[in-house]
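Here's the structure, in structure tokens; my notes come after.
The values are calculated or read from the model by the stated rules, or taken from the named source; none is laboratory data. This is a predicted model, so every value here is computed, not measured. For neighbour counting, all protein chains shown are included, and Cβ atoms are generated from backbone atoms with ideal geometry for every residue, glycine included. Note: areas computed on protein heavy atoms with side chains; ligands, DNA, RNA excluded. Shrake-Rupley method; radii C 1.70, N 1.55, O 1.52, S 1.80 Å.
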Amino acid sequence: MEKIKLGDYNRLEIVKEVDFGLYLDGGEEGEILLPKRYQPESYKIGDVLEVFIYLDSEERLVATTEKPLCKVGDFAYLEVAWVNQHGAFLKWGLMKDLFCPFNEQKKRMEIGESYIVYVYIDEESYRIVASAKVDKFFDEEIPYMERGKEVDVLVWQKTELGFKVIIDNKYPGLAYEDQIFQRVHTGDRMKGYINTVRSDGKIDVSLHPIGRRQTLDFSETLLDYLHEHNGYCDLGDKSDAEDIKYRFHVSKKTYKKAIGDLYKKRLISISEDGIRLNKK
């Protein structure tokens, strides 16, 4: 069988039942306990279960069918449950909290506050730990990414330029303030779209589809809006950009392109006081 992946999901066979749970075949690691409270309702010896493997309070391998908020190799936004003289302990969805030592904190973590961290296995202690010094865990080689490519984004931190983000759980990126048309907070997960991979390797990302795709997507949104509002919208191509941003969460440029797209298809008419659906 494959080597056990600590801090990750594994498919393991039930080999023995005891009063306090089930023992699973851990290969070279020996038998691993799945405590009784995590047992499935029905099972038999030989069944294969998908379980998450971590370490119990005595640093022994233990299995659970609970789904943690993150696994080893993930960036995540986690809340501090408690702090002691060694570091902070973060809520990650399991009974045993995730440890973040003081030397892996950018600033002293406080109970009740949440932080972006990276989850990894400490080579010296073989413990699953977290680090808030996330910069050192990004992939150094940035692959070619086509403009407009859809990616997964985790919002990292606010800057003077906009928001730093983590792309596809691997790369740092930046979404510029003047290109964000929605409320964004640290820890938000959303879809993003590659804008530019610069010569220095830095990635600019949009939180909205870009180019022709954005226009087509918003054209559909605007058409739906008109159908839902008696065929009329009081915002035209000369309306204030902030009014457009507030109502539709897009730039004025995108809004005007969508109007043009619908007008060319003869779906709308444009007047001084806004736009209207054409009657069929």
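Remarks
- Total formal charge among the other residues, if their Cβ is under 14 angstrom from that of Trp82, Lys/Arg +1 and Asp/Glu -1: -1
- Cross-link table Lys170/Lys202; Lys136/Lys202; Lys3/Lys133, entries beyond 24 Å C-alpha to C-alpha: Lys3/Lys133
- Between the range 53-91 and the range 168-198, the Cα center-to-center distance that results, in Å: 27
- Loop trypsin sites (Lys or Arg not before Pro), the range 65-109 (other Cβ atoms within 10 Å of the site Cβ: 11 or fewer; DSSP): Lys107, Arg108
- Rounded to 5, the percent of DSSP beta bridges in the chain classed as antiparallel: 95
- In the elastic network of the chain, a GNM with C-alpha springs shorter than 10 Å, the most mobile of Tyr77, Tyr232, Tyr115 is Tyr232.
- Residues Ile142, Ile53, ordered by accessible area of protein heavy atoms at a 1.4 angstrom probe radius and largest first, appear as Ile142, Ile53.
- Each residue was assigned an accessible area with a 1.4 Å probe, and for Cys70 the value is about 10 Å².
- 10 Å beta-carbon shell around Val184, net charge (K/R +1, D/E -1): 0
- When Leu69, Leu262 are compared by accessible area at a 1.4 angstrom probe, the order from most to least is Leu69, Leu262.
- Net charge over other residues, Cβ less than 10 angstrom from the Cβ of Gly21 (K, R count +1; D, E count -1): +1
- Accessible surface of Ser199 - all protein chains present, 1.4 Å probe, nearest 10 Å²: 130
- Max mean-square fluctuation residue, GNM over the chain, Cα-Cα springs under 10 Å, options Pro143, Pro101, Pro40: Pro40
- Mean ellipticity per residue at 222 nm, deg cm²/dmol - from DSSP H runs of n ≥ 4 across the chain, formula -39500 (n - 2.57): -4500 deg cm²/dmol
- Rounded tilt (10° steps) of 252-264 against the dominant C-alpha axis of the chain: 60
- Note on the chain: GNM, Cα springs under 10 Å; of Ile270, Ile203, Ile121, the largest mean-square fluctuation is that of Ile270.
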